[in-house]
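Peer 1: First the structure, which I've put down as structure tokens, then a few questions once you've had a look.
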Amino acid sequence: MLKKGKLKLPDRLGILVPGFDDKEEENGGSEPVFESGEELEIMEPNGVELGNKENEYEFDLGVDDKVGDKVDAFRTRKRPDKDGPGQVTVREVIAADEKRSDLEYEFSQKEINLEKVKRIASMGVPDGGGLRATAWKLLLGYLSPSHDVWEKELTENRQKYAKLKEELLLSPSEYTRVKADAMISAELSSEGDVAGPLKRRGISHGDHPLSVGMASAWHHYFKHTEIAEQIDRDLQRTHPDMKFFSGESSFSKKNREAMRNILLLFAKLNPAICYVQGMNEVLAPIFYVFSTDTDEQNAVNAEADSFSCFVRLLSDSVDHFCQQLDNSPVGILSTLSRLAKLLKENDEELWKHLEFTTKQTVLHKGLLQVFIIFGSS
Amino acid sequence: MGSSSGQSSGSYDLSFKILLIGDSGVGKSSLLVSFISNSVEDLAPTIGVDFKIKQLTVGGKRLKLTIWDTAGQERFRTLTSSYYRNAQGIILVYDVTRRETFTNLSDVWTKEVDLYSTNPDCVKMLVGNKVDKDSERDVTRDEGMSLAKEHGCMFLECSAKTRQNVEQCFEELALKIMEVPSLLEEGSTAVKRNILKQKPDQHPPSSGGGCCS
């Protein structure tokens, strides 16, 4: 992937996601070497290289097969050969068991071998036991390969997320109130039980909802209500067939609320990209997998963890979402034309079909959909 | 991507391209699915563009309608603009319960049509969706009609959910298209071209790497 012109995420995100900068360098081309002599077995058909880490598009969600058919033709990973229906089932069960114990063993190590995890996970992670959540966190670089620092890092990241939320998602009056409450309780504890008028320090009297000043906190707040409405409308329509996401239950409402926070926060931190339809589809499997982690502490903190992983996942393809870069060498259009070229090289018949039966540049644009649908497959 | 229905015979007299545009969440995809599959389902937001094919008989002619469904969000507008080209019919959809989707028709969508549609004779139709939510209605039928008149569009109100007026939208549009000689001509040449295309080796792939441009 071309580095020139690549959008940098704001520094804040760098703080939020440790090792973020290192990750950018990895994407520049050279893969990190983890262990010499370790066998690298990356399943890739000839010539397919989209400039992205391949694992990140393989969600293997196992909850939504609906879109699978659409995308199957474009999967970059070879499926194991199937001999017969009966044999396959048995073999798959055994393979899943083996994978599970391999991953469990790997995750229990003091220093986790990421290449091994990558290799095992490249054909899908078996359900259950939060294996998928852990594998994704590791492979996205959210969890360090050193097991010992997990707890510390997770706690820090979750606190940072809470702070970001407080700063950016609360309305200015809520924010002021939270601050004031904190201050009052601090004063009370320091001054003991001294009764008296409560001090209203920390409340800015110069700012108000009708302020037109660009520096007004309210100005920024209102600017985002429109995008928040768009996000809400899309979350109502995200996986409408799954109770986890849709419906009027308090459970699904809570999940939508969390996803809304994540998408809105991302939009605020990345004004050049803001929110683009399809991000909901990318976030949904991450949030679902993290929320259904068997580790209670992880499940409770799914929102914070999902945010960081979502940011990491998008950081590789962030240029595609940015309208200003559409016609640049790093934009979605040139990526799609590269993809079309690869398709032509690898499956000319399909390419011809798409090119001629649908006329013009449809392949080009149509693949945009395929590209983003990877998120829900 | 696209799916077809009733394409068993594969033969038809005329082929038309129809485009669905309008704000995000007004129900463009629902309208299309409601028309194509006679069913009502909850749909995820459209990303980029999608299309569906429907064959039907209108006015004694067997028609093949290729209906393009576009994403409403502004981010996709540069990507969807090329789909206006060669469309014989454009359906501008708004949500009768959300006024801004109605005002955006004049502020945004009719301008997009003027800018990108290459077909001056192209038939336009204004469609107010979600009339089943009558208690939440925010745009009256009269307002819809007068805007349609202002922009020289046909007008209908419908509900993709109850399927009220859904078939009428597409059928009336098709009938109107067939009344326009230039569009009728385009519709039949598309059929001829398609027959040519089915012959093998008619189109050797162009040399050079610059595909899709």
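Peer 1: Based on what the data block shows, is residue B:157 open to solvent by 80 Å² or more (accessible area, probe 1.4 Å), modelled with pLDDT of 95 or more and not basic (Lys, Arg)? First the steps, then the outcome.
Peer 2: Working: open to solvent by 80 Å² or more (accessible area, probe 1.4 Å): no; modelled with pLDDT of 95 or more: yes; not basic (Lys, Arg): yes.
Considered against the rule, which asks whether it is open to solvent by 80 Å² or more (accessible area, probe 1.4 Å), modelled with pLDDT of 95 or more and not basic (Lys, Arg), residue B:157 comes out as no.
Peer 1: What are the residues in region B:56-71 that are within 14 Å of the chain's Cα centre (by Cα) and more than 8 Å from chain A (Cβ to nearest Cβ), if any? So that I can check it myself, show each step before the final result.
Peer 2: Our first condition is that a residue be within 14 Å of the chain's Cα centre (by Cα); within region B:56-71, this holds for B:64-71.
Matches in region B:56-71: B:64, B:65, B:66, B:67, B:68, B:69, B:70.
Peer 1: Ok, one more. Looking at (1) under 24 Å from the mean Cα position of the chain (by Cα); (2) open to solvent by 20 Å² or more (accessible area, probe 1.4 Å); (3) modelled with pLDDT under 90, which is the one condition that is false for residue A:130?
Peer 2: With respect to (1) under 24 Å from the mean Cα position of the chain (by Cα); (2) open to solvent by 20 Å² or more (accessible area, probe 1.4 Å); (3) modelled with pLDDT under 90, residue A:130 is out only on (2).
Peer 1: Regarding residue B:144, is this residue buried (at least 23 other Cβ atoms within 10 Å of the Cβ), in contact with an Asp or Glu (Cβ under 9 Å, 6 or more places away or on another chain) and within 14 Å of residue B:102 (Cα to Cα)?
Peer 2: no
Peer 1: Now for a separate question. Kindly check whether there is at least one residue in region A:291-313 that is within 14 Å of another protein chain (Cβ to nearest Cβ) and touching a residue at least 24 places away in the same chain (Cβ under 8 Å).
Peer 2: Checked region A:291-313: no residue is within 14 Å of another protein chain (Cβ to nearest Cβ) and touching a residue at least 24 places away in the same chain (Cβ under 8 Å).
Results for (1) at pLDDT below 80; (2) under 22 Å from residue A:269 (Cα atoms); (3) in contact with a helix residue (DSSP H, G or I) (Cβ under 7 Å, 6 or more places away or on another chain); (4) among the acidic types (Asp, Glu), shown as yes or no for each residue.
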site: A:299; (1), (2), (3), (4): no, no, yes, no
site: A:309; (1), (2), (3), (4): no, yes, yes, no
site: A:336; (1), (2), (3), (4): yes, no, yes, no
site: A:364; (1), (2), (3), (4): yes, no, yes, no
site: A:373; (1), (2), (3), (4): yes, no, yes, no
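Peer 1: Can you tell me which residues in region B:81-92 are touching a residue at least 40 places away in the same chain (Cβ under 8 Å) and within 9 Å of chain A (Cβ to nearest Cβ)?
Peer 2: Those that are touching a residue at least 40 places away in the same chain (Cβ under 8 Å) and within 9 Å of chain A (Cβ to nearest Cβ): B:83, B:86.
Peer 1: Right, here's the next one. Could you list, in sequence order, the residues of region A:103-127 that are buried (at least 17 other Cβ atoms within 10 Å of the Cβ) and not aliphatic (A, V, I, L, M)?
Peer 2: Correct list: A:106, A:107, A:115, A:116, A:118, A:119, A:122, A:124, A:126.
Peer 1: For region A:223-245, give me the residue count where each residue is under 14 Å from residue B:25 (Cα atoms), more than 7 Å from every other protein chain (Cβ to nearest Cβ) and of a type in the set (S, T, N, Q).
Peer 2: 1
Peer 1: A follow-up question, please. Just one of the numbered conditions (1) closer than 12 Å to residue A:231 by Cβ; (2) modelled with pLDDT under 95; (3) within 14 Å of another protein chain (Cβ to nearest Cβ) is not true of residue A:282; which one?
Peer 2: Evaluating residue A:282 over (1) closer than 12 Å to residue A:231 by Cβ; (2) modelled with pLDDT under 95; (3) within 14 Å of another protein chain (Cβ to nearest Cβ) leaves (1) as the failure.
Peer 1: Right, something else. Looking at (1) in contact with a strand residue (DSSP E or B) (Cβ under 8 Å, 6 or more places away or on another chain); (2) of a type in the set (A, V, I, L, M, F, W, C); (3) open to solvent by 20 Å² or more (accessible area, probe 1.4 Å); (4) away from every other protein chain (no Cβ under 14 Å), find the lone condition where residue B:122 falls short.
Peer 2: Tallying (1) in contact with a strand residue (DSSP E or B) (Cβ under 8 Å, 6 or more places away or on another chain); (2) of a type in the set (A, V, I, L, M, F, W, C); (3) open to solvent by 20 Å² or more (accessible area, probe 1.4 Å); (4) away from every other protein chain (no Cβ under 14 Å), residue B:122 fails exactly one: (3).
Peer 1: Taking region A:311-344 only, how many residues are among the polar types (S, T, N, Q) and open to solvent by 20 Å² or more (accessible area, probe 1.4 Å)?
Peer 2: 6
Peer 1: So how many residues does region B:29-55 have that are open to solvent by 30 Å² or more (accessible area, probe 1.4 Å), within 9 Å of another protein chain (Cβ to nearest Cβ) and within 16 Å of the chain's Cα centre (by Cα)?
Peer 2: Here the count works out to 0.
The values are calculated or read from the model by the stated rules, or taken from the named source; none is laboratory data. As the structure is a prediction and not an experimental result, all values here were calculated from the model. Glycine gets a Cβ as well: all are built from the backbone with ideal geometry, and neighbour counts include every protein chain shown. Surface areas here come from the heavy atoms of the whole protein model, side chains and all, with no ligands, DNA or RNA. Shrake-Rupley method; radii C 1.70, N 1.55, O 1.52, S 1.80 Å.
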